[in-house]
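One structure is given here, and the rest of the page talks about it.
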Amino acid sequence: MSGPQRALFQDLKQVLWALFLIYLILASTGFLFAQYIGAKVALLVCLAIALLVTVAFVSIFLFDIVWVAFERRTDKRNSQGDG
């Protein structure tokens with residue numbers, strides 16, 4: 001595994017921890033607001049926010065994977081042209 005790929009997947013652990021902490025904050029906020037606006041509404045709002053956050057993180061990670069694949073392909077082409 002090359003350097004950018006290794007770094008990308010090592011950073012995935014940090015991203016997953018960040019998502020976990022965001023989900024914990026959303027859950028506690030949902031429980032807090034469930035007393036005021038109702039449990040069903042608070043749950044739906046927190047789930048919608050969690051879905052948006054997840055989509056954002058996944059799209060950024062997928063973009064990084066595509067970028068690393070593109071860099072590997074261009075590096076491979078450059079090294080073949082030099083030989």
Exercise. Got at least one residue in region 42-56 being surrounded by 10 or more Cβ atoms within 10 Å (Cβ to Cβ) and closer than 21 Å to Ala7 by Cβ?
Worked result: yes
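Based on this model, can you work out whether Lys76 counts as exposed (fewer than 11 other Cβ atoms within 10 Å of the Cβ) and at pLDDT 85 or above? If you could, list the steps in order and put the result at the bottom.
On the way: exposed (fewer than 11 other Cβ atoms within 10 Å of the Cβ): yes; at pLDDT 85 or above: no.
It is false that Lys76 is exposed (fewer than 11 other Cβ atoms within 10 Å of the Cβ) and at pLDDT 85 or above.
Here are some residues: Ala27, Ala39, Ala7. Which one is small (Gly, Ala, Ser), within 30 Å of Ala69 (Cα to Cα) and out of contact with any helix residue (DSSP H, G or I) (no Cβ under 6 Å at 6 or more places or on another chain)?
On the way: Ala27 fails: within 30 Å of Ala69 (Cα to Cα); Ala39 fails: within 30 Å of Ala69 (Cα to Cα).
Exactly one of Ala27, Ala39, Ala7 is small (Gly, Ala, Ser), within 30 Å of Ala69 (Cα to Cα) and out of contact with any helix residue (DSSP H, G or I) (no Cβ under 6 Å at 6 or more places or on another chain), namely Ala7.
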Exercise. Just for region 50-83: of the residues that are of a type in the set (A, V, I, L, M) and in contact with a helix residue (DSSP H, G or I) (Cβ under 6 Å, 6 or more places away or on another chain), which one is nearest to Asp11 (Cα to Cα)?
Worked result: Val68
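The values are calculated or read from the model by the stated rules, or taken from the named source; none is laboratory data. What you see is a predicted model; the values in this text were computed from it and never measured. Every residue, glycine among them, receives a Cβ derived from its backbone with ideal geometry; neighbour counts consider all protein chains shown.
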